[in-house]
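The values are calculated or read from the model by the stated rules, or taken from the named source; none is laboratory data. Note that this is a predicted model, so its numbers are computed, not measured. Glycine gets a Cβ as well: all are built from the backbone with ideal geometry, and neighbour counts include every protein chain shown. With ligands, DNA and RNA removed, areas are computed over all heavy atoms of the protein, side chains included. Shrake-Rupley method; radii C 1.70, N 1.55, O 1.52, S 1.80 Å.
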Amino acid sequence: MDYKFTTKCIYGDNTNNTCENTGAISFPIYQTATFAHPGLGSSTGYDYSRLQNPTREQLENVVCSLENGFDALAFSSGMAAITALMELFHPGDHVISGNDLYGGSIRLFNHINRKNQITFDFIDTSKDDIEKHITPSTKAIFIETPTNPMMNVTDIRKVASIARKHGLLFIVDNTFLSPYFQNPLDLGADVVVHSGTKFMGGHNDTLAGFIVVNSKELSEKLRFIFKTVGSGLAPFDSWLILRGIKTLAIRLERQQQNAFAIVQWLLTNEKVKNVYYPGLPDHPGYEISKLQSSGFGSMLTFEVESADLARHILGSVKLIRFAESLGGVETLITYPITQTHADVSDEDREKNGITETILRISVGIEDISDLINDLAQAF
Ligand SMILES: *Cc1c(COP(=O)(O)O)cnc(C)c1O
């Protein structure tokens, strides 16, 4: 059946659960490490939960359907997914990467992958000429759009055409918009990665990660890595993310609506110097966003007049919590310079404008007047 997105959040593409016949509406948690074989040389399709588990498979089917992929793999965290993905590369390979990525991805590239002789160029993929950085060893382009935390928007179709022309694997970390607002595979990417911990789970209660691919070849390579390194998502955590995804569409509508209201409020606040939100018509990525995403999301970054005020706000919010992470129903405020981007060099942070006056908010689903009252008292 060709269901619409909101319906697919609940059922995926397939409303028949072939694993069980009790009529359970909620997909069961198959809390088992191993599976009995009917006889020698035969299998139920399940051997061992590192390789296959029905609850994880149901989640993978739903995510695959939401991203219009060929296959989706569910990992124990976003970083586990990106780590497995990087196993596609060999010593000597070169990767062109966005320079304003999630700090954990930059740490992985610089401290784990580099040690294995994979090299990186970190560039502003929203502005720089990507082709100038391609060498005979280049194998892939890895981007986030919008970026974390500065909200730079990269034209996915344009990068896809460069990647195709040069035979490079094009990877998009789609965590910030989720498949509800953006489907990079439809725009020409080969691989989508997600921190499922964020919008997909949506309740700040479970870590998870996904890789979604557009081809059988990539699926087979990654399934081999997946079963070998053993970082698949546990059955119970798979069930929690399945449950979270059921409300993805309605959560994001409300979160985006709240984000717009907070942006408007910040714009009228004289202690706020800048607001970075791709849904603002004067944001440099506004026009591209409208062409490649169906919404602008619920992440916003802003600059206040002094570092003292930034620290004061972090210490004064009551309803809004000062915490890392994003995408959940709870509104969180973070200080990128000491949190998500603590491991990024001072020089790179400076280049990207991540200073002591920059704060980031992940807007939740609370009543908007409570959120604005909390911000007002914190200012
Ligand atoms: C959080 C995050 C990750 C890492 O995911 P974990 O689930 O925390 O391991 C990767 N990319 C982006 C954009 C993120 O926000």
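Among what's in region 166-181 and is outside any strand (DSSP E or B) and buried (at least 24 other Cβ atoms within 10 Å of the Cβ), pick the residue that is nearest to the ligand (Cβ to nearest atom). Step through it out loud before you land on a result.
Looking only at region 166-181, we keep the residues that are outside any strand (DSSP E or B), and these are 166-168, 174-181.
Then drop every residue that is not buried (at least 24 other Cβ atoms within 10 Å of the Cβ), which leaves 174-180.
Values: Asn174: 8, Thr175: 4, Phe176: 6, Leu177: 10, Ser178: 11, Pro179: 14, Tyr180: 15 Å.
Applying the filter and picking the extreme gives Thr175.
Of everything in region 195-205, what is open to solvent by 10 Å² or more (accessible area, probe 1.4 Å), within 10 Å of the ligand (Cβ to nearest atom) and part of a loop (DSSP other than H, G, I, E, B)? Give them in sequence order.
Residues of region 195-205 that are open to solvent by 10 Å² or more (accessible area, probe 1.4 Å), as a first pass: 195, 197-198, 203-205.
When the remaining residues are screened for being within 10 Å of the ligand (Cβ to nearest atom), the result is 195, 197-198.
Result: Thr197, Lys198.
Tell me, please, whether a residue that is more than 30 Å from Thr247 (Cα to Cα) and open to solvent by 10 Å² or more (accessible area, probe 1.4 Å) can be found in region 46-59. Even if it seems obvious, please write down each step before you answer.
We begin by selecting, within region 46-59, every residue more than 30 Å from Thr247 (Cα to Cα); these are 47-48.
If we keep only those that are open to solvent by 10 Å² or more (accessible area, probe 1.4 Å) as well, we get 47-48.
Taking every residue of region 46-59 in turn, at least one turns out to be more than 30 Å from Thr247 (Cα to Cα) and open to solvent by 10 Å² or more (accessible area, probe 1.4 Å).
Kindly indicate whether any position in region 99-112 is within 16 Å of the chain's Cα centre (by Cα), surrounded by fewer than 19 Cβ atoms within 10 Å (Cβ to Cβ), part of a loop (DSSP other than H, G, I, E, B) and within 16 Å of the ligand (Cβ to nearest atom).
The answer is no, given that none of the residues of region 99-112 is within 16 Å of the chain's Cα centre (by Cα), surrounded by fewer than 19 Cβ atoms within 10 Å (Cβ to Cβ), part of a loop (DSSP other than H, G, I, E, B) and within 16 Å of the ligand (Cβ to nearest atom).
Closer than 21 Å to His90 by Cα, among the hydroxyl-bearing types (Ser, Thr, Tyr) and within 14 Å of the ligand (Cβ to nearest atom), is that true of Ser215? Step through it out loud before you land on a result.
Details: closer than 21 Å to His90 by Cα: yes; among the hydroxyl-bearing types (Ser, Thr, Tyr): yes; within 14 Å of the ligand (Cβ to nearest atom): no.
Taking the combined requirement at face value, the residue does not satisfy it.
Any residue in region 312-334 that is without any contact (Cβ under 8 Å) to a residue 24 or more places away in the chain and closer than 16 Å to Phe176 by Cβ?
yes
Kindly indicate which of Gly353, Gly364, Gly315 is within 20 Å of the chain's Cα centre (by Cα) and of a type in the set (Gly, Ala, Ser). Show your work before the answer.
Numbers: Gly353 fails: within 20 Å of the chain's Cα centre (by Cα); Gly315 fails: within 20 Å of the chain's Cα centre (by Cα).
Residue meeting the stated conditions: Gly364.
Which of the following residues is in contact with a helix residue (DSSP H, G or I) (Cβ under 9 Å, 6 or more places away or on another chain), in a loop (DSSP other than H, G, I, E, B) and away from the ligand (no atom under 12 Å from the Cβ): Val95, Val153? Write out each step before concluding.
Details: Val95 fails: in a loop (DSSP other than H, G, I, E, B).
Just one listed residue meets the conditions, Val153.
What pairs come up if the first residue lies in region 63-80 and is of a type in the set (Ser, Thr, Tyr), the second is away from the ligand (no atom under 12 Å from the Cβ), and their beta carbons are under 6 Å apart, counting only those six or more places apart or on different chains?
Filtered contacts from region 63-80: Ser65/Lys8; Ser65/Gly12; Ser65/Asp13.
Would you check which residues across region 237-273 are out of contact with any helix residue (DSSP H, G or I) (no Cβ under 9 Å at 6 or more places or on another chain) and of a type in the set (S, T, N, Q) and list them?
Gln255, Gln264, Thr268
What's the total number of residues in region 299-358 that are at positive phi and hydroxyl-bearing (Ser, Thr, Tyr)?
The total comes to 1.
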